[in-house]
Amino acid sequence: MQGIRFKVAVEGTIFAALAIVLSLVPTNIGPSITVSLGTIPLTLFALRRGTKAAIFSGFLWGILHFLIGNAYILSFVQGFIEYFIAFAFIGFAGLFSNKLQSAIKNGKQKDLYLIVCLSAFTGTFARFFWHFWAGYVYWGSYAPEGMGAFLYSFLTNGASGLMTAIVASIVLVLLIKSSKRLFVP
């Protein structure tokens, strides 16, 4: 049992490292909307290993932002919410892990695509929910004149989350089409 936990922890660390490398790829759409490519390996890991392991890996991904100097910190609480909590919450993509493993085992091809997409959207929106609240509370002063902090945060974080979920879904569907084995622990 110890060996399996260690293997999963190492695998989760590798996926977090891959996520941070992909985070360095510029994917800005305008001044404040970004597609988070690191969501792709984290969602794949969540589908392989489940929620608990993926929360750990997402948490590591958040820590790695600090270590490489890619974190935007206004206050301790804002940094904690946006980098520790938000990135850990992408692990909720793992809620669909058992369903995916069952669909792969039973050869339910059509179910695979739906499950992968639901997982990508769930993990992405769980993460961006926290970015939205932090945006509302801490980044609201950056809203354009005449636009309230709530709407500004909703639009920027909502657009970033939606674009991220769509891109992650497309890539993950292509990956599961080409190699289901990637999704099996």
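The values are calculated or read from the model by the stated rules, or taken from the named source; none is laboratory data. Predicted model, so just to flag it, every value in this text is computed and none were measured. When we count neighbours, we look across all protein chains shown, and the Cβ atoms used for this are built from the backbone with ideal geometry, even at glycine. To get the accessible areas, we keep the full protein, side chains included, count just its heavy atoms, and leave off ligands, DNA and RNA. Shrake-Rupley method; radii C 1.70, N 1.55, O 1.52, S 1.80 Å.
Residue 18 meets each of the listed conditions (1) over 24 Å from residue 176 (Cβ atoms); (2) free of Cβ contacts under 8 Å to residues at least 60 places away in the same chain apart from (1).
A residue that is in contact with a strand residue (DSSP E or B) (Cβ under 9 Å, 6 or more places away or on another chain), assigned to a helix (DSSP H, G or I) and within 19 Å of residue 35 (Cβ to Cβ) cannot be found anywhere in the stretch 166-184. Check the stretch 166-177 and report whether any residue there is open to solvent by 50 Å² or more (accessible area, probe 1.4 Å), farther than 21 Å from residue 27 by Cα and in contact with a Phe, Trp or Tyr (Cβ under 7 Å, 6 or more places away or on another chain). No: zero hits. Return the residues of the stretch 153-163 that are hydroxyl-bearing (Ser, Thr, Tyr) and free of Cβ contacts under 8 Å to residues at least 60 places away in the same chain; say none if nothing qualifies. Selection gives 153 alone. Would you point out the residue of the stretch 81-91, among those that are under 9 Å from the mean Cα position of the chain (by Cα) and not aliphatic (A, V, I, L, M), that is farthest from residue 129 (Cα to Cα)? Going through the qualifying residues, I end up with 91. Scanning the stretch 94-152 for residues that are buried (at least 18 other Cβ atoms within 10 Å of the Cβ), free of Cβ contacts under 8 Å to residues at least 40 places away in the same chain and not in a helix (DSSP H, G or I) turns up just one, 143. Every residue in the stretch 37-92 that is among the small types (Gly, Ala, Ser), in a loop (DSSP other than H, G, I, E, B) and within 21 Å of residue 165 (Cβ to Cβ), please. 38, 50 - these are the residues of the stretch 37-92 that are among the small types (Gly, Ala, Ser), in a loop (DSSP other than H, G, I, E, B) and within 21 Å of residue 165 (Cβ to Cβ).
With the structure loaded, tell me whether residue 163 is among the hydrophobic types (A, V, I, L, M, F, W, C) and in a loop (DSSP other than H, G, I, E, B) or whether it fails that test. Judged against the criteria, residue 163 is not a match. Screening 18, 22 for residues that are out of contact with any helix residue (DSSP H, G or I) (no Cβ under 6 Å at 6 or more places or on another chain) and open to solvent by 40 Å² or more (accessible area, probe 1.4 Å) leaves exactly one candidate, 22. From the list 34, 39, 13, 27, exactly one residue is under 23 Å from residue 117 (Cα atoms), of a type in the set (S, T, N, Q) and at pLDDT 95 or above. Which is it? None of the other options fit; the residue is 39. When restricted to residues that are in contact (Cβ under 8 Å) with a residue 24 or more places away in the chain and open to solvent by 60 Å² or more (accessible area, probe 1.4 Å), the stretch 25-48 contains 1.
Could you please let me know if residue 86 is farther than 20 Å from residue 137 by Cβ, open to solvent by less than 10 Å² (accessible area, probe 1.4 Å) and touching a Phe, Trp or Tyr at 6+ places or on another chain (Cβ under 8 Å)? Here the answer is no, as residue 86 does not meet what is asked.
Conditions (1) touching a Leu at 6+ places or on another chain (Cβ under 6 Å); (2) within 23 Å of residue 78 (Cβ to Cβ), marked per residue:
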site: 146; (1), (2): no, no
site: 151; (1), (2): no, yes
site: 155; (1), (2): no, yes
site: 159; (1), (2): no, yes
site: 162; (1), (2): no, yes
site: 168; (1), (2): no, no
site: 176; (1), (2): yes, no
site: 179; (1), (2): no, no
site: 185; (1), (2): no, no
